[in-house]
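Notes follow once the structure below has been shown.
The values are calculated or read from the model by the stated rules, or taken from the named source; none is laboratory data. These numbers were taken from a predicted model, which means no experiment stands behind them. Heads up, the Cβs are rebuilt from the backbone with ideal geometry, glycines too, and the neighbour counts pull from every protein chain shown.
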Amino acid sequence: MIRCLLILISMFSSRYRTFFFNMIKSFIGRDENMDNYDLLNNDKELNNIIDSINKVNENSLFACHGRYHFTFVIKTIEELLTKLNYGEDIIELGKIAGLLHDIGAVEGKKGHAQRSSEMCIHFLDKTTLSQENKNIIIHAVEDHSNGDEINSPVGAALLFADKIDLSKNRVLELGKQDHFHNNLLNVEEVILKVEDKNIIINYIVNDRFSREIFEEWEKAITIPIKASTYLGCNCIFQFNGEM
């Protein structure tokens, strides 16, 4: 019922949307961020963008930047931040960042992080998030390609989740013709574990997988390490459970 109300409220003007959101928050006693992910996740305009990214880029994209990738990133952010004992407010901001991080790719991959950070303002303005929390998300989205200016757990988690999405599920038709992406067809799945202060990425691979080719893309190694370090953890890479 709450989800239906949120979808209905999203159609109102900003003034009335804020008013009704505050009424619901008072009624259910939840933090300001708790309803906003569901609101955006059900936003028709946003979903149309996400579902069109791969199609409009079918002649240029090697790797999925559409629905599958968004789902993987959001799930990984939630799992990582939960296992690191972050609060529900941070987890919710992380999920929203994951939901918005690649929307700029609808206009091409080049410069998509910067473009996504600009486009996401429109969607964040549909929420009741404070400006401070909006800024956390905007910066995380802008920085998610290289992680040059990580400044929050949200940004670190987004950066990490985005860069470990390396499996056969990510490879598009054009990617099968590419040396690196063709090798990813031999990665069955990615399993995340957190033990003490160790973040373990376990790639389940078949006999045709080449670790040498995998490590040719430096970001596959350096970015998860950078993000893990910001989160106060070590990053351990495994292939079929072995380092």
Residues in segment 111-134 that are polar (S, T, N, Q) and in contact with a Leu (Cβ under 7 Å, 6 or more places away or on another chain) total 3
Within segment 126-153, considering residues that are among the charged types (D, E, K, R) and without any contact (Cβ under 8 Å) to a residue 24 or more places away in the chain, the one surrounded by the fewest Cβ atoms within 10 Å (Cβ to Cβ) | Glu132
Taking segment 208-241 as the region of interest, how many residues are in a helix (DSSP H, G or I), of a type outside the set (D, E, K, R) and in contact (Cβ under 8 Å) with a residue 60 or more places away in the chain?
-> 5
Name every residue in segment 86-142 that is acidic (Asp, Glu), closer than 19 Å to Asp35 by Cβ and part of a helix (DSSP H, G or I), in order of residue number.
-> Glu88, Asp89, Glu92, Glu132
Kindly check whether there is at least one residue in segment 187-203 that is basic (Lys, Arg), assigned to a strand (DSSP E or B) and touching a strand residue (DSSP E or B) at 6+ places or on another chain (Cβ under 9 Å).
-> yes
For segment 215-236, state whether one or more residues are farther than 22 Å from Tyr86 by Cα, more than 16 Å from the chain's Cα centre (by Cα) and crowded, with 20+ Cβ neighbours inside 10 Å.
-> no
For segment 192-207, enumerate the residues that are closer than 19 Å to Glu79 by Cα, touching a residue at least 12 places away in the same chain (Cβ under 8 Å) and exposed (fewer than 12 other Cβ atoms within 10 Å of the Cβ).
-> Lys197
Identify, please: which residue in segment 51-62 is outside any helix (DSSP H, G or I) and either crowded, with 20+ Cβ neighbours inside 10 Å or among the aromatic types (Phe, Trp, Tyr) (or both) and is, among those, modelled with the highest pLDDT?
-> Phe62
Please find, within segment 63-121, the residue that is surrounded by the most Cβ atoms within 10 Å (Cβ to Cβ) out of those that are of a type in the set (S, T, N, Q) and closer than 12 Å to Ile50 by Cα.
-> Ser116
Looking at (1) more than 28 Å from Asn57 (Cβ to Cβ); (2) surrounded by fewer than 17 Cβ atoms within 10 Å (Cβ to Cβ); (3) not β-branched (Val, Ile, Thr), which is the only condition Ser210 fails?
-> (1)
